[in-house]
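Engineer: Have a look at this one.
The values are calculated or read from the model by the stated rules, or taken from the named source; none is laboratory data. This one's a predicted model, so the numbers in the text were calculated from it and none came from an experiment. For neighbour counting, all protein chains shown are included, and Cβ atoms are generated from backbone atoms with ideal geometry for every residue, glycine included.
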């Protein structure tokens, strides 16, 4: 038996892809598919439920800026990097002459 950690492919992260599996891992004490089933939902309601229950993360910086929670997360990350002295903020070469008097 493999000890490798198994996880779904990255392209399936927004889907409920493993709900109808009958042989669940023994490491999962209370598998979700033992109490939850989408089998009896109408196709339109199933589609609706899946659309509101998936978590979507922004793909670009400009998408992240549209959401306050992502702006806060980015600021916290930058603050942590600066306080740990992991990096320092510097001007880009092309911006140097335009920013200084």
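Engineer: It is to be established whether one or more residues within segment 35-48 are at pLDDT 70 or above, touching a helix residue (DSSP H, G or I) at 6+ places or on another chain (Cβ under 6 Å) and not in a helix (DSSP H, G or I).
Structural biologist: Yes: one or more hits.
Engineer: Which of the residues belonging to segment 54-95 are surrounded by 10 or more Cβ atoms within 10 Å (Cβ to Cβ) and touching a residue at least 24 places away in the same chain (Cβ under 8 Å)?
Structural biologist: 54 - this is the single residue of segment 54-95 that is surrounded by 10 or more Cβ atoms within 10 Å (Cβ to Cβ) and touching a residue at least 24 places away in the same chain (Cβ under 8 Å).
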